[in-house]
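Some notes on the structure that comes next.
The values are calculated or read from the model by the stated rules, or taken from the named source; none is laboratory data. Note that the coordinates shown come from a computational prediction; the quantities given were computed from them, not determined experimentally. Every residue, glycine as well, gets a Cβ built from its backbone with ideal geometry; the counts of neighbours run over all protein chains shown. Each accessible area value is taken on the protein alone, full model and side chains, heavy atoms only, with ligands, DNA and RNA left out. Shrake-Rupley method; radii C 1.70, N 1.55, O 1.52, S 1.80 Å.
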Amino acid sequence: MSAGSTSTSTSGLDPIAFPPTPMSISDLTSIPSSSSSPLSSSAAPTEAVLFSSGNPRIEETRGVMHLYRDITPSSSTSSSVILPIGRKPLVCVLAVPNHMTYADFCKFCGSFIQHMLEMRIVRIDGVDEQYSVIIRFDEQSFTDDFYKHFNRKRFSSLEEDICCVRYTVDVQQTESIERAQSSVSSSADCPVCLERLDQDKDSGGILTTICNHSFHCSCISKWTDSSCPVCRYCQQQAESTCSICGQSENLWLCVICGFVGCGRYKEGHAVRHWKETQHCYSLELETQRVWDYVGDNYVHRLIQSKTDGKLVEISGDQQDEISRTCDCDEDLSEALLNSKVEAIVEEYNNLLTSQLENQRKHFESLLLEIKEGNDKEIDEAVEKALHAKLPKLQLKLNKAIEEKTFLEEINKNLLENQEMWEEKIRKAEKREQISTRLKDLKIKQLEEQLSALIAQIESVTTDGPTNSAVSEIKNATVITLPSASNNTGETSGKEEGN
């Protein structure tokens with residue numbers, strides 16, 4: 001099929017749609033439908049949904065799928081799900097967010113992945129940030145369980161995106177557009193494990209990506225990237241915009257630092273970037289051509305192919321001229337061509353070396369400016385911190401000096417009073433010694449008097465009281481002895497007087 005050709009088909013999906021075993025209308029009608037049940041709907045309405053798949057730069061497949069409408073009430077539980085009569089083991093998961101990779105979706109399906117024969121990733125027309133998955137199961141019971149388990153369930157507890165599962169009546173391919181010849185040949189083997197693409201339970205069925213490349217589900221589930229392992233086509237296409245004004249047309253990419261700016265026919269931010277940074281080479285994103293602002297012309301020799309991403313030579317006119325002038329001698333033509341290629345490679349290497357050197361100098365100047373700015377900020381911060389803490393430190397120092405002066409005065413007073421207190425202590429010890437001697441003397445006198453009194457009492461009790469003794473006792477007088485405290489006070493008074 002030539003580039004830009006179109007083919008239409010209404011018989012179902014061709015081998016490109018579901019390789020290696022196509023699923024056509026006859027396959028869909030041959031799938032046994034489920035038996036009616038009390039929860040089945042007798043007349044479930046359907047709707048047609050347009051879809052497309054494939055890499056738009058190479059080949060694009062368009063079609064239509066007929067889906068049963070979801071007539072289950074939103075408040076119904078899993079036990080009261082209404083299933084359509086005549087349903088087939090074919091469902092479509094709608095509105096899967098683009099950031100969810102193929103491995104994430106396989107992990108989301110869980111144990112049901114072992115019962116899936118085929119999975120096909122498609123785009124719904126008019127929906128750019130989501131994709132849909134057409135799934136065919138091996139048995140109707142697993143299809144019903146998958147519908148009951150995942151319909152209206154969140155893809156993740158941290159997101160609000162809800163999984164919408166619809167039973168599918170029919171899938172038809174309506175158009176196939178080939179825009180370029182693909183460098184990747186189609187094969188009936190899995191590109192990852194190099195085994196044949198068979199629909200067995202061990203490999204978990206076949207998954208066809210959005211760019212029409214097929215893999216075993218067990219193989220693609222290990223691929224954590226959102227791009228295709230074969231052609232690197234990403235289902236989530238990022239749109240480039242001008243870094244300053246946000247324009248999405250006529251964009252130029254600086255090959256030195258990666259700055260994206262609009263062209264001179266818009267706001268001219270790419271030209272301003274060249275004037276500010278002297279980065280003279282800029283890549284036009286639409287045509288992949290390199291422009292030299294200094295020479296004011298295109299300087300590219302090699303560009304990236306949109307088909308397979310390889311670098312190819314674009315100077316085809318010069319090649320044709322060489323082939324026309326050198327038909328007489330094929331060896332000479334080949335030698336001229338080889339020398340031209342070597343010259344191009346050498347020029348490209350020299351250009352790349354010079355630009356890398358300029359880039360190195362540019363980033364070194366940026367690093368130097370950043371370092372100087374950081375040093376300046378550090379010095380300002382240190383000076384600011386010192387100015388802020390200096391009054392507080394001075395105040396603390398003054399308080400410490402005052403406390404030191406106060407303690408020195410107290411120490412001086414204590415040293416002066418030390419001799420006076422030592423003298424008082426000696427006098428107190430001397431008074432204590434005198435008081436102790438007086439007490440001992442009084443105690444001795446009292447013991448002698450007590451002994452004499454006891455002796456008299458014993459003599460009276462043994463011989464009986466005599467008249468003379470009775471008269472002596474009656475005529476006796478009581479002598480009051482001074483107390484020890486009085487004697488101590490008098491003694492101390494005398495000592496102080498002395």
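Say each of K444 and V192 gets a label point 7 Å from the Cα, pointing the same way as Cα to Cβ; how far apart are those two points in nm?
Those two pseudo-labels are separated by 12.0 nm.
How big is the accessible area of T353 in square angstrom, nearest 10, if you roll a 1.4 angstrom probe over the protein chains?
Taking all protein chains as shown, T353 has close to 90 Å².
Please work out how much length the chain gains when fully extended from L407 to T461, using 0.36 nm per residue of separation minus the C-alpha to C-alpha distance, in nm with one decimal.
Working: separation 54, 0.36 × 54 = 19.44 nm, distance 7.65 nm.
Full-extension gain reported as 11.8 nm.
In the structure displayed, which of K376/K399; K107/K153; K389/K412; K376/K396 lie more than 26 Å apart, Cα to Cα? Walk me through the numbers on the way to the answer.
Details: K376/K399 35 Å; K107/K153 15 Å; K389/K412 35 Å; K376/K396 30 Å.
Those over the limit are K376/K399; K389/K412; K376/K396.
Please work out the FRET efficiency for the pair T224 and V127, using the Cβ-Cβ distance as r and a Förster radius of 30 Å; give the result to the nearest 0.05. Working shown, then result.
Working: r = 24 Å, r/R0 = 0.81.
For T224 and V127, the calculated efficiency is 0.80.
Not counting ligands, DNA or RNA, and with a 1.4 Å probe, what is K442's accessible surface area in Å² rounded to the nearest 10?
For K442, the solvent-accessible surface is approximately 60 Å².
Applying 1/(1 + (r/R0)^6) with R0 = 51 Å to the Cβ-Cβ distance of K107 and R57, what FRET efficiency is obtained, to the nearest 0.05? Present the calculation step by step, with values, prior to reporting the outcome.
Working: r = 30 Å, r/R0 = 0.58.
Efficiency at R0 = 51 Å is approximately 0.95.
By accessible area of protein heavy atoms, probe 1.4 Å, what ranking do R152, R437 get, highest first? Mind showing how you got there, number by number?
Numbers: R152 105, R437 140 Å².
Accessible-area ranking of R152, R437, largest first: R437, R152.
How would you order 86-98, 356-368 from highest to lowest mean count of nearby Cβ atoms within 10 Å? Please report the intermediate quantities before stating the final value.
Values: 86-98: 20.4, 356-368: 11.5.
The packing order, highest mean first, is 86-98, 356-368.
Just subtract the alpha-carbon distance of I434 and T174 from 0.36 nm times their residue separation and send over the number in nm, one decimal. The partial results should precede the final answer.
Working: separation 260, 0.36 × 260 = 93.60 nm, distance 13.48 nm.
Answer, rounded to one decimal: 80.1 nm.
Work out how much length L393 to S365 would gain on full extension: take 0.36 nm times their residue separation and subtract the Cα-Cα distance, in nm to one decimal. Don't jump to the answer; show the numbers that get you there.
Details: separation 28, 0.36 × 28 = 10.08 nm, distance 4.10 nm.
So the extension gain works out to 6.0 nm.
Sort the following peptides by mean Cβ neighbour count (other Cβ atoms within 10 Å, averaged over residues), highest first: 244-254, 49-59, 450-460. Walk me through the intermediate numbers first.
Numbers: 244-254: 16.5, 49-59: 19.4, 450-460: 10.9.
Answer by packing, highest mean first, reads 49-59, 244-254, 450-460.
When you count, for each residue, the other Cβ atoms within 10 Å and take the mean per peptide, how do 136-144, 381-389 rank with the highest first?
Values: 136-144: 18.4, 381-389: 9.8.
Descending mean neighbour count gives 136-144, 381-389.
So what does T61 come to for accessible area, using a 1.4 Å probe and Å² rounded to 10?
0
Straight-line reach from K371: which lysines have a Cα under 19 Å away, not including same-chain ones fewer than 8 places off?
Here the lysines satisfying the reach criterion relative to K371 are K361.
Pull up the cross-link candidates among the lysines for K442, meaning alpha carbon to alpha carbon under 30 Å and not fewer than 8 places away within one chain.
Straight-distance partners of K442: K424, K427, K430, K474, K494.
If I take R0 = 56 Å and measure r between the Cβ atoms of D145 and T287 in this structure, what FRET efficiency does the formula 1/(1 + (r/R0)^6) give, to the nearest 0.05?
0.60
In a solvent-free Debye calculation with one equal scatterer on each Cα, what is log10 I(q)/I(0) for the range 122-184 at q = 0.13, 0.21 Å⁻¹, listed in the order of the q values?
-0.56, -1.05
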